[in-house]
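Presented below is the structure to which this report refers.
The values are calculated or read from the model by the stated rules, or taken from the named source; none is laboratory data. What you see is a predicted model; the values in this text were computed from it and never measured. No Cβ is skipped: glycine too gets one built from the backbone with ideal geometry, and neighbour counts run over all protein chains shown.
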C-alpha cells in the first residue's frame with residue numbers, strides 16, 4: 001500500500017483521500033495566495049499542499065460540479081476540459097445562456113468564455129448528428145437562427161479590388177466596414193490572415209505609412225498587441241504576421257512602420273522585445289523550436305499552435321493519438337526521405353496533415369500553379385506537389401494547411417471537418 005499523504009487544511013492535518021469539497025476550496029485559495037496563481041494538473045503534489053488530480057475529480061463528481069464551474073469561482077476563465085458524456089449537460093447550459101441573451105452565442109465568445117462552456121469545436125465534435133460539421137451547423141441544430149459571418153471568397157476579392165478603384169488610394173484597415181464593402185475585417189482575417197496578405201494576393205496597393213504618430217503611440221500599441229498574442233497563443237516567440245494581424249490590435253501597423261519608429265528613437269526593436277521575454281521568429285519554419293512536457297518538439301510557430309490545439313482543445317496525446325514527422329516510405333515505395341508533419345490515428349484510421357508554412361495559397365486554391373518569388377518557395381511547392389501525388393496514389397486521406405489558415409484560426413474548422421468526413425468515430 002502507498003504511504004498516507006496528509007495536507008494542511010486551515011491549520012489541521014487531513015488525509016488527502018478524505019478531503020471534502022470545502023477543504024478543496026480552501027486548498028485552492030491557499031495555493032493562489034502562496035504562489036500567486038491557480039494550481040495546474042502538475043501542481044497536484046503533496047509538496048505544494050495539493051491533492052492529486054484523481055482526488056480532485058472524485059470530490060467534484062461527488063458534488064456534481066464540473067471542473068470548469070469549480071474554477072470559475074476563483075476567477076479562472078479558460079478552455080473547458082470536458083468529456084463526451086457531458087454533452088447533453090453542456091448543450092442545455094449553452095441554450096440557457098443563449099435564451100438569456102436572446103440570440104445564439106457567436107463563435108468567438110466561446111473562446112476562454114465566462115459562461116463555463118466548452119469551445120465551439122467541442123460542440124461540433126461530440127454532436128450526435130453526423131451532419132453537424134461546423135459551428136453554424138450546431139447553432140441551427142439547436143434551433144437558433146444562423147449567425148454565420150462567412151462571405152464567398154471570390155465575392156470578397158472582387159469587392160476589395162472594386163473598392164480600391166473607387167477610393168483611388170490604398171485601402172486601410174479602418175476602411176473595411178459593412179457600410180463600405182459589406183463585411184468586417186473578420187472576413188479578411190478568415191480568408192487571408194490579415195489585410196497585408198490580402199493585398200499581396202490580390203495585387204492591391206500597399207498601405208501608406210502614417211508618420212504622424214508619436215513613438216509613445218507605437219510603443220504602447222506594440223505592448224498591447226504582444227499581450228493579446230500571448231493570451232491567445234500562449235507563446236512568446238512571435239512573427240511579423242502575429243504583430244500585423246488585425247485580430248490583436250485596433251490600429252493595424254506594418255512591421256516597417258514599427259522598425260522605422262524604433263530606429264528613429266535609437267532603440268533596437270528586437271532587443272526591446274527581448275526585455276519583455278519575446279523572441280522574433282523570422283519565418284514560419286525557421287528557428288524557435290519548442291519542447292512540450294510530453295517530449296514533442298515543434299520547429300515553427302504554426303506547428304506550436306497546431307500541436308497546442310490538438311492537446312488542449314481536442315485532448316489528443318502525442319505518440320498515442322497522433323505522431324510527428326512520419327516518413328512517406330511507411331506507405332509508399334520511394335527512396336527519397338520525405339516526412340509528413342502530422343499523422344492522426346482515429347481507431348486505426350490514419351489521417352495525414354501537412355502544414356505548408358512557406359508558401360501562400362489563394363482563395364482559388366492555385367498554389368500548384370503559382371510561381372513564387374524565391375527559389376526556396378518554388379522548391380517547397382514542388383516538394384508539396386510530390387507529397388500530394390503520393391497521398392493520392394496510395395489513397396491516403398490528407399489535409400494541407402497554409403499560412404492564412406493558421407494565422408486566422410481557420411485551421412481548426414478545417415481539421416474538424418476533415419476528421420468528421422473521414423471517420424465514423426468521434427475524436428478521441
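Do we have any residue at all in the stretch 382-400 that's at pLDDT 90 or above, under 27 Å from residue 186 (Cα atoms) and touching a strand residue (DSSP E or B) at 6+ places or on another chain (Cβ under 7 Å)?
Yes: one or more hits.
Rundown of residues vs (1) more than 29 Å from residue 294 (Cβ to Cβ); (2) surrounded by fewer than 17 Cβ atoms within 10 Å (Cβ to Cβ), yes/no style:
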{"position": "15", "(1), (2)": "yes, yes"}
{"position": "21", "(1), (2)": "yes, yes"}
{"position": "24", "(1), (2)": "no, no"}
{"position": "27", "(1), (2)": "no, no"}
{"position": "32", "(1), (2)": "no, yes"}
{"position": "50", "(1), (2)": "no, no"}
{"position": "53", "(1), (2)": "no, yes"}
{"position": "64", "(1), (2)": "yes, yes"}
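So which helices (runs of 4 or more DSSP H) stay within the stretch 11-107 end to end and still have 3 or more residues that are at pLDDT 85 or above?
Values: elements: 21-35, 53-62, 67-72, 87-101.
So the answer is 21-35, 53-62, 87-101.
May I ask you to say which residue of 315, 321, 347, 341 is within 19 Å of residue 121 (Cβ to Cβ), in contact (Cβ under 8 Å) with a residue 12 or more places away in the chain and either touching a strand residue (DSSP E or B) at 6+ places or on another chain (Cβ under 7 Å) or surrounded by fewer than 14 Cβ atoms within 10 Å (Cβ to Cβ) (or both)?
Step by step, each of 315, 321, 347, 341 is checked, and only 321 is within 19 Å of residue 121 (Cβ to Cβ), in contact (Cβ under 8 Å) with a residue 12 or more places away in the chain and either touching a strand residue (DSSP E or B) at 6+ places or on another chain (Cβ under 7 Å) or surrounded by fewer than 14 Cβ atoms within 10 Å (Cβ to Cβ) (or both).
Name the helices (runs of 4 or more DSSP H) wholly inside the stretch 330-424 in which the number of residues that are within 23 Å of the chain's Cα centre (by Cα) is 2 or more. So that I can check it myself, show each step before the final result.
Numbers: elements: 375-393, 403-408, 410-422.
Per the criteria, 403-408, 410-422.
Mind telling me which of the residues 247, 228 ends up being part of a helix (DSSP H, G or I), within 28 Å of the chain's Cα centre (by Cα) and modelled with pLDDT of 80 or more?
228
Does the stretch 206-214 contain at least one residue that is assigned to a helix (DSSP H, G or I) and touching a residue at least 24 places away in the same chain (Cβ under 8 Å)?
The answer is no; no qualifying residue exists.
For the stretch 143-157, which residues satisfy the criterion of being modelled with pLDDT of 80 or more and surrounded by 12 or more Cβ atoms within 10 Å (Cβ to Cβ)?
144, 156, 157
Just to verify a result, which residue in the stretch 361-381, among those that are closer than 26 Å to residue 422 by Cβ and at pLDDT 85 or above, is surrounded by the fewest Cβ atoms within 10 Å (Cβ to Cβ)? Break it down into steps so the answer makes sense when it comes.
The initial filter retains those residues of the stretch 361-381 that are closer than 26 Å to residue 422 by Cβ, namely 361-368, 380-381.
Still in the running and at pLDDT 85 or above: 367-368, 380-381.
Working: 367: 18, 368: 12, 380: 17, 381: 19.
Across the stretch 361-381, the extreme among qualifying residues is 368.
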